Structure formats: C-alpha cells, structure tokens
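Undergrad: Pasting a structure below so you can have a look.
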Amino acid sequence: MTRLGFNVPNFGPEADPDTLLAWARFAEDSGFSTIVVSDHVAPTPEVTALYPSPFYDPFTLLAWLAGQTTTVHLGTSVTVLPYRHPLLTARLSAMLHVLSGGRFVLGAGSGWSRTEFAALGLDASARGATTDAYLEIITRAWAEPTVSAAPHFHDVATGPNPSDGRVPLWIGGAGKAAIRRAARFATAWHPINPTLSWLRDTGLPALASAGRPMPGLVPRIKARLQPEPAPPDRPLGVGTLDQVVGDVAALVEAGASEVILDPNPDSPRPRDFATERRHLLEIRDAFRARSL
C-alpha cells in the first residue's frame, strides 16, 4: 500500500520542543510513514515573510526526534544543498541514517531565496551547478571510506557509511535541471505541489527520457480540507475530503510510492494544530478505505 507522510512546521512562534515532539509521536501513533521538515540557515526578511522565526535546524531537530521515536521515517523537504559544505552534509545525513536505524531520508534541492544566499556569501546564480557538484561528492562519501575532489581536498574520511552504501535521497524541484538531477542521483523524485496534468504529461515523461533507471515518485501536496468543493483549477490537496483523497489516489495511479501531505498555509497565520491533525487522520482513513 502506498505510504502517507506529512510535513511538520519546524518554524514559527508555535514551534517549540513540546509541539515538535507531539507531531512526531502523532505520526508514529497514527501510522504515518514519514515526517519531513524544512530547511533555512540564515532566514532573511524574504524568508521569514513565509516561514516566521524561530527556524529549527532540520538535522539537529531530526536527530533529537530520532532518539524519541522508533518507527517513523524522518526526512528533509528539502535541504538546501549549497548552504553547507558537501562533506558536512554527507556526514550529518549518514550519521542520522545509521543512528536512527535506517530511518533518515535526505530530501535535497538547490534553494530559492537570493537574499539568503547573499547573507551566506554564496552565489545564487550558481546554485544549480553547485547542487550537482555537491551531490556527486555526497553520494560518493556515503559509499566510500574516503573521498577526494581535486583540487579542493584529498582522501577525506567520511564515515560512518550506511550499510547499503547510501542514504535514501529525494531530489526536489520541477525544472528541467532538477528532473535531470533526480534521474542521475535520486532514489525518488520529490516534486512539491505539482499539477496532476503536468506531472503526467511533462514531468514523468521527462524523468523517463533521461536515459537512467527510473527513480521512485514521492510528491508533496497540500492538505487542506474544506466543506465546499474547490474549483477544477485548485492545487492538489485542497478541497473536500473526496477531492483530496481522489488527488492522492491519482498520484498513486501515476506511480507514487508515498505521498507527503502538507498542512502548512501559504502565508503565516496562527495554526490550529488540532484541526490539522484531524484532517490528516480523515485523509488517512478515507484513503485506506478507498484502497481496500
């Protein structure tokens, strides 16, 4: 059966340790497969307009949650790879995967906030090329006892190495370069808020035509239930329970092995976590009933 996960808000004034731990335990107790959290390193006003402070570092947060959970998978959606040295990302992700008993998933992308790149002294215009170069180093570091990248470094020890030589890697993004990146490196492509028609007619055919073994499909969509039907041009995951469950079913038909549900609003507002959790449970139950 296709798995369901969801996005946990690791930012904002309502994100405190008790709330974050409650989300993880809710996921585990309710049979959700995966929780994912977002990534920002130096939130500028451009970022905090969407993701208010404080913003919890995903690696530190997921390491803490790994020690207090036993079955739920823990992932990033998505780590902005150019923000950290690739050897650090390789080491952090491998250690999290090993210490969690194989439950960590590295979701990765190239980022979007030019002001955050500038705050970190990085060139936003080079982020795609940087992401590709870093993925080459990270994936080799997972599989080899030492890694070199001339002329920058030579024979750097990177362990511990995952037992199967890699950490599950979801590549985000919907552009041509991101799809090529997913075909080259990913265990799963992780498009965020795609339209179903684009996914079927453009995204998946582009992924298949890359000339490499097809990775899995793990899309992230919204999770916003409403009493009245949403119009046909609505985003996936927005509408009545029947509409949203139909969206999940359509993604399964398109090949998704897991669907990540995202209750995060488009703009900051006070969150009603009890309602968000109830909606996630309603989607879970209705999808399971439909799948029987």
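Undergrad: Which of the residues spanning segment 234-245 are in a loop (DSSP other than H, G, I, E, B) and either at pLDDT below 95 or under 24 Å from the mean Cα position of the chain (by Cα) (or both)?
TA: Arg234, Pro235, Leu236, Gly237
Undergrad: What do you reckon, is Glu46 farther than 27 Å from Phe287 by Cβ, outside any strand (DSSP E or B) and at pLDDT 95 or above?
TA: Answer is yes for this residue.
Undergrad: Where the second residue is of a type in the set (A, V, I, L, M) and not in a loop (DSSP other than H, G, I, E, B) and the first is farther than 18 Å from Pro191 by Cβ and lies in segment 233-254, which pairs have Cβ atoms under 6 Å and are six or more apart or on separate chains?
TA: Partner pairs satisfying both residue conditions: Leu241/Leu225; Leu241/Ala286; Val245/Ala286.
Undergrad: If a residue has to be touching a residue at least 12 places away in the same chain (Cβ under 8 Å), out of contact with any helix residue (DSSP H, G or I) (no Cβ under 7 Å at 6 or more places or on another chain) and not in a loop (DSSP other than H, G, I, E, B) to count, how many in segment 204-222 make the cut?
TA: 5
Undergrad: Would you check if Ser267 is loosely packed, with under 14 Cβ neighbours inside 10 Å, touching a residue at least 40 places away in the same chain (Cβ under 8 Å) and either hydroxyl-bearing (Ser, Thr, Tyr) or not in a loop (DSSP other than H, G, I, E, B) (or both)?
TA: For Ser267, the condition - loosely packed, with under 14 Cβ neighbours inside 10 Å, touching a residue at least 40 places away in the same chain (Cβ under 8 Å) and either hydroxyl-bearing (Ser, Thr, Tyr) or not in a loop (DSSP other than H, G, I, E, B) (or both) - is met.
Undergrad: Can I ask one more? Go through segment 24-54 and report how many residues are within 19 Å of Phe273 (Cβ to Cβ) and in contact (Cβ under 8 Å) with a residue 24 or more places away in the chain.
TA: Total satisfying the criteria: 18.
Undergrad: Count, please, the residues in segment 110-153 that happen to be in contact with a Leu (Cβ under 7 Å, 6 or more places away or on another chain) and small (Gly, Ala, Ser).
TA: Matching residues across segment 110-153 total 2.
Undergrad: Asp233 fails exactly one of the following numbered conditions: (1) in contact with a strand residue (DSSP E or B) (Cβ under 7 Å, 6 or more places away or on another chain); (2) more than 28 Å from Glu28 (Cα to Cα). What is the number of that condition?
TA: It fails just one condition, (1).
The values are calculated or read from the model by the stated rules, or taken from the named source; none is laboratory data. Just so it is clear, the structure is predicted and the values come from calculations on it, not from any experiment. Note that we place each Cβ from the backbone using ideal geometry, even for glycine, and neighbour counts take in every protein chain shown.
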